[in-house]
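What follows is a single structure, written as structure tokens, with notes after it.
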Amino acid sequence: MIIDCHGHYTTAPAEHTRWRADQLEAYQAGRAAPAYPTISDDAIRESIELNQLRLLRERGADLTVFSPRASAMGHHLGDLETSVAWAEVNNDLIARVVDLFGSHFAAVAQLPQTAGAPLAAAVAELHRCADMGFVGVNLNPDPSGGHWTSPPLTDPYWFGLFEALCERDLPAMIHVSASCNDAFHSTGAHYLNADTSVFMQLLSGDLFARFPQLRLVIPHGGGAVPFHWGRYRGLADMLGKPSLDDHLMGNVFFDTCVYHQPGIDLLVEVIETKNILFGSEMVGAVRGIDPTTGHYFDDTARYIEAADLDDESRQAILAGNVRRVYPRLDELLAAQGR
């Protein structure tokens with residue numbers, strides 16, 4: 001079995017995207033947002049069958065852990081009320097995808113966040129989505145959109161959300177949204193900056209001593225972390241922290257959204273198998289075909305198949321680790337006899 005832990009609804013129906021533009025226009029004009037449009041099941045089917053489901057089948061995978069489009073979360077746009085409404089319609093749309101294609105997709109929630117605002121609304125949406133059967137959430141450590149005005153994840157500001165994650169046995173994928181800072185390209189810099197920065201935040205603190213059940217997935221191969229593993233081991237020593245294995249790696253996991261073979265080879269050599277989850281973020285940040293291989297950059301299963309791994313390690317990365325880190329997903333699959 002192959003489970004992709006990192007998928008986004010980047011092909012949502014046009015009516016959904018237009019409503020977001022209308023919502024933000026209404027916010028700027030100081031008027032109420034229009035009613036959300038009626039989107040047919042057929043429109044959802046077409047958007048999925050021609051895109052994510054087609055590629056899932058072509059690439060031999062079985063299921064994608066699916067969330068709203070990350071770059072469109074737009075936590076820096078509008079206010080908290082705007083963010084709450086946008087998160088709710090996004091999550092409801094993801095729930096409809098799962099209702100229509102439950103054997104191929106499992107739901108992960110977008111949280112309403114606004115820089116400087118309390119996280120009570122995010123906690124409430126987490127519980128609402130958990131009640132609907134969602135298996136995880138995406139957490140934006142920088143809702144300012146590239147200006148980093150929020151405290152590090154080790155700050156008490158975040159603790160109520162972490163308590164809710166532990167209560168509902170949900171992992172969080174660390175995922176920023178688009179950047180509004182011209183110094184940081186959204187997918188080429190801001191995403192990877194966030195992955196790397198959050199790992200260092202966690203290294204500097206003692207978050208998992210307080211929340212030993214908390215599980216955080218750092219996507220995009222962990223940003224720069226595997227390439228600089230010696231630096232982080234050395235920093236842990238300099239800061240008087242335990243070894244990374246004891247301090248972080250019982251709670252932190254990296255995915256395989258690394259779009260070339262040498263990058264995957266480094267990842268599986270440096271990071272223990274138990275901390276690597278298969279992910280592709282297909283139809284996402286990098287959608288083209290690699291001219292040196294003739295295959296899509298984001299067809300990451302090919303890299304795992306070609307990596308120097310024994311069969312047990314390969315299967316752990318492709319499915320076993322995802323089921324362990326997302327226990328509610330494991331329950332759903334077990335109920336389906338898978």
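Each reported figure results from applying straightforward, stated rules to the coordinates on display, with no laboratory input. Quick caveat: nothing in here was measured; it's all calculated off a predicted structure. No Cβ is skipped: glycine too gets one built from the backbone with ideal geometry, and neighbour counts run over all protein chains shown.
Taking amide H as placed 1.01 Å from N in the peptide plane, Leu63 has its amide H under 5 Å from the amide H of Ile2, Asp4, each at least 5 places away in sequence or on another chain.
Bridge orientation summary for the chain: considering DSSP beta bridges with both residues in this region, about 5 percent are antiparallel. Between Ser150 and Ser144, the built amide H atoms are under 5 Å apart, and every one of these is 5 or more places off in sequence or on another chain. For Gly136, the amide hydrogen comes within under 5 Å of the amide hydrogens of Ala109, counting only partners 5 or more places away or on other chains and with H modelled in the peptide plane. For the chain, the membrane-span-like helices by this rule, meaning whole DSSP H stretches whose C-alpha atoms cover at least 27 Å of axis and whose Kyte-Doolittle mean is -1.0 or above, are 80-100; this says nothing about an actual membrane. In this simple spin-label model, placing a label point 7 Å from the Cα along the Cα-to-Cβ direction at both Cys166 and Ala29 gives a separation of 4.7 nm.
Applied to region 240-252, the Karplus parametrisation 6.51 cos²θ - 1.76 cosθ + 1.60 on θ = phi - 60° returns per-residue 3J(HN,Hα) values of x, 8, x, 4, 4, 4, 7, 7, 10, 7, x, 10, 10 Hz, with x for Gly and Pro. For Thr292 and Leu50, FRET efficiency with R0 = 30 Å and r from the beta-carbon atoms, rounded to 0.05? The computed FRET efficiency comes out at 0.65.
For Gly223, neighbours were defined as the other residues whose beta-carbon sits under 14 Å from its Cβ, and their charges (Lys and Arg +1, Asp and Glu -1) total -3. Summing charges over all other residues whose Cβ lies under 15 Å from the Cβ of Gly337, with Lys and Arg as +1 and Asp and Glu as -1, gives -1.
Working out 0.36 nm times the residue gap between Asp206 and His260, then minus their Cα-Cα distance, what length gain in nm do you get to one decimal?
Extra length from Asp206 to His260 when fully extended: 16.1 nm.
When both region 128-191 and region 36-91 are represented by their alpha-carbon centers, they are found 17 Å apart.
Distance between the C-alpha centres of region 288-320 and region 1-18: 21 Å, rounded to the whole angstrom.
Give me the extension gain from Glu269 to Glu312: residue separation times 0.36 nm, minus the current Cα-Cα distance, reported in nm with one decimal.
14.0 nm
Other residues within the sphere of radius under 12 Å centred on the Cβ of Gly133, judged by their own Cβ, net out at 0 (K and R +1, D and E -1).
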